[in-house]
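> Below is one structure. I have some questions about it.
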């Protein structure tokens, strides 16, 4: 555990992370931030809900507007979250994604690997987003997805990210 910083509320942050604007970053509790993540609060805030998991090399930048990330959300390896993004609860974001400035992802969504969400784009709740022929493809998810997402996050908390 000597590679990790742990807070009294159960947040775990890898020591290799680069964090700027610490006084404008709020982690609600039991948040895991893995290796080489970059979190830049700039002049705006970053608020992260409980039990979120950031895989290695995630970049979150609120230089030009607040970023909000809901409870039980996973952000995949190498994903970039730009300013003014609002990510709901129980969201799973794949590897190598880019969330454009001002994009909104509602609750219980899955963003597959390598998806670029355009600036200001709104993804409705219970939606799976993939990339097909360089275009976004949105498909409705079953309401039972909520339980599946919670189970996957609990496993990540115990064993960590794989395939990184």
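Residue-by-condition table, conditions (1) over 22 Å from residue 47 (Cβ atoms); (2) assigned to a strand (DSSP E or B); (3) modelled with pLDDT of 95 or more; (4) touching a strand residue (DSSP E or B) at 6+ places or on another chain (Cβ under 7 Å):
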position: 68; (1), (2), (3), (4): no, yes, yes, yes
position: 96; (1), (2), (3), (4): yes, no, yes, no
position: 102; (1), (2), (3), (4): no, no, yes, no
position: 149; (1), (2), (3), (4): no, no, no, yes
position: 155; (1), (2), (3), (4): yes, no, no, no
position: 158; (1), (2), (3), (4): yes, no, no, no
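> Going residue by residue through the stretch 108-123, is there one that turns out to be over 16 Å from residue 28 (Cβ atoms) and in contact with a helix residue (DSSP H, G or I) (Cβ under 6 Å, 6 or more places away or on another chain)? Before the answer, list the steps.
Pass one, the stretch 108-123, residues over 16 Å from residue 28 (Cβ atoms): 108-123.
Filter again for in contact with a helix residue (DSSP H, G or I) (Cβ under 6 Å, 6 or more places away or on another chain), leaving 108.
Looking through the stretch 108-123, at least one residue is over 16 Å from residue 28 (Cβ atoms) and in contact with a helix residue (DSSP H, G or I) (Cβ under 6 Å, 6 or more places away or on another chain).
> Going through the stretch 39-50 one residue at a time, which ones are more than 11 Å from the chain's Cα centre (by Cα) and not in a strand (DSSP E or B)?
Those that are more than 11 Å from the chain's Cα centre (by Cα) and not in a strand (DSSP E or B): 41, 42, 43, 44, 45, 50.
> For the subset of the stretch 131-141 comprising residues that are more than 12 Å from residue 90 (Cβ to Cβ) and surrounded by 10 or more Cβ atoms within 10 Å (Cβ to Cβ), which member is modelled with the lowest pLDDT?
Looking at residues that are more than 12 Å from residue 90 (Cβ to Cβ) and surrounded by 10 or more Cβ atoms within 10 Å (Cβ to Cβ), I get 140.
> Which ones in the stretch 44-55 are out of contact with any helix residue (DSSP H, G or I) (no Cβ under 8 Å at 6 or more places or on another chain) and closer than 18 Å to residue 20 by Cβ?
47, 48, 54
> A further question on this structure: Considering only residues of the stretch 53-71 that are touching a residue at least 24 places away in the same chain (Cβ under 8 Å) and under 9 Å from the mean Cα position of the chain (by Cα), which is farthest from residue 94 (Cα to Cα)?
Among those residues, the one meeting the criterion is 70.
> Within the set of pairs 6 or more residues apart or between chains, which connect a residue that is more than 15 Å from residue 97 (Cα to Cα) inside the stretch 118-132 to a residue that is modelled with pLDDT under 95 and in a strand (DSSP E or B) with Cβ atoms less than 8 Å apart?
126/140; 127/140
> Consider the stretch 51-63. How many of its residues are part of a loop (DSSP other than H, G, I, E, B), surrounded by fewer than 21 Cβ atoms within 10 Å (Cβ to Cβ) and on the phi < 0 side of the Ramachandran plot?
Going through the stretch 51-63 one residue at a time, the tally reaches 2.
> Looking at (1) closer than 23 Å to residue 44 by Cα; (2) out of contact with any strand residue (DSSP E or B) (no Cβ under 8 Å at 6 or more places or on another chain), which is the only condition residue 90 fails?
(1)
> Regarding residue 83, is this residue modelled with pLDDT of 95 or more, over 22 Å from residue 16 (Cβ atoms) and surrounded by fewer than 17 Cβ atoms within 10 Å (Cβ to Cβ)? Can you show your working first?
On the way: modelled with pLDDT of 95 or more: yes; over 22 Å from residue 16 (Cβ atoms): yes; surrounded by fewer than 17 Cβ atoms within 10 Å (Cβ to Cβ): no.
So residue 83 fails the test.
> Can you confirm whether residue 42 is closer than 25 Å to residue 14 by Cα and crowded, with 19+ Cβ neighbours inside 10 Å?
On the way: closer than 25 Å to residue 14 by Cα: yes; crowded, with 19+ Cβ neighbours inside 10 Å: no.
Here the answer is no, as residue 42 does not meet what is asked.
The values are calculated or read from the model by the stated rules, or taken from the named source; none is laboratory data. As the structure is a prediction and not an experimental result, all values here were calculated from the model. Note that each Cβ is placed from the backbone with ideal geometry, even for glycine, and that neighbours are counted across all protein chains shown.
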